[in-house]
1. Please state which one of I234, I249 is part of a helix (DSSP H, G or I), in contact with a His (Cβ under 9 Å, 6 or more places away or on another chain) and farther than 27 Å from R178 by Cβ.
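The values are calculated or read from the model by the stated rules, or taken from the named source; none is laboratory data. Please read these numbers as outputs of a predicted model, since none were measured by experiment. Positions of Cβ are generated from backbone atoms using ideal geometry, with glycine treated the same way; all protein chains shown enter the neighbour counts.
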Amino acid sequence: MLYSMTGYGRAEQTIGDKTFLVEMRSLNGKQFDLRLQIPSLLKPFEFEVRNMLNAGLERGSVECLISIKQNGAVKPVTINNDLLKAYYQSVTQIAKELGADTDNLLAAILRLPEVVVNSTELLKDDEWKQFAIVLQNAIDDLNEHRKDEGKSLEADLLQRLANIEVQQKEIVVLEPLRRGRIKDGLVKLLEENVGKENYDTNRLEQELIFYIEKIDISEEQVRLKNHCDYFRSILNEKEKSKGKKLSFILQEFGREINTTGSKAYDTQIQKCVVLMKDELEKAKEQVLNVL
C-alpha cells in the first residue's frame, strides 16, 4: 500500500468555551517542511504541536492552520489604574486651561495605549490534552486522504512496471536474432573488402565469440528483472514511507536500461530501450509524489 504526499485534513471540536479548528494540507517534498499558523493561546505548546505533525505526517511540504473561537465568553481585561489617573489628571488640567469640554474625557482616555490591557490567558493542561486529540484527528484525516491518493499512484506505477517488462520480454526474443545479424554483417563486410577466400573463418569465429561476449546484455536483463521483483516487494511492505526507496530502485532501473541500449547495436532492441526509458521517466515523476 502506498501513501501519497498530497492530502487535506480537517478537524473541529468545542472544548469548554472554545472551539478549535485545525486545517492542514500537504504537497510533495524531499523532507518534512512545516508552515504553522498557531494562536497565542497555543504558543506554550508549539513544540508539542510540531512534534505531533512531524511524527504523524513524516514527509512533505505541510501547511497547518489552527484557529480558536471564543463561544460568547468575555475575555478578561485589566485596567492600568495608575496610568489612567495620571492621564486623567494631566488632560483635565489642560482642558481647564483651554476651556475645553470634559464630558467624554474618560472614554477618550480608556482608548489610549496600555490603559486597557487584555489579560494573558493560558490553555489549561486538560484542554491541551483534548486539543491534542483534535490535532491527531486532523492528521489521521489527512493520512486517509493520502492513502486514497496512494491507491491511484500504486496502480499507475504497476502499469509502468508491466510496460517495462513487456519490452524486456521482447528483448529476450530479439537477442538471438541480434547475434545472427551481427555475424552476417561482419562476414559480408569481410567478403566485400577482403574477399571470401582471404580471411580465416576459424579466427573469425573466435573474434565473434569475444565480441559478442563484450556486448552481451543478459546480465543487465537479469538485474533489471530482479529490480522489478524488488520494486513490487516494497509496494507490498506495511511500512508507510516508501518514496525514497522506490526512487533509488528506479535509478538502478535506469542504469540497466541505459547499459542495454549502449551495448545493443540493434535497431529493434534500441526501440525497446526507448520505450522502457519513456515508462521509467513516467514512473520517476509519480514516485516524487509517494510518501
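1. Numbers: I234 fails: in contact with a His (Cβ under 9 Å, 6 or more places away or on another chain).
Just one listed residue meets the conditions, I249.
Quick grid of which residues meet (1) at pLDDT below 90; (2) surrounded by 11 or more Cβ atoms within 10 Å (Cβ to Cβ):
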residue	(1), (2)
A107	yes, no
L110	yes, yes
P113	yes, no
T120	yes, no
K124	yes, yes
N137	no, yes
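Residues are listed down the side, and each one gets a yes or a no for (1) surrounded by 15 or more Cβ atoms within 10 Å (Cβ to Cβ); (2) hydrophobic (A, V, I, L, M, F, W, C); (3) outside any helix (DSSP H, G or I); (4) under 26 Å from the mean Cα position of the chain (by Cα):
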position	(1), (2), (3), (4)
N226	no, no, no, no
K240	yes, no, yes, yes
S262	no, no, no, no
Q286	yes, no, no, yes
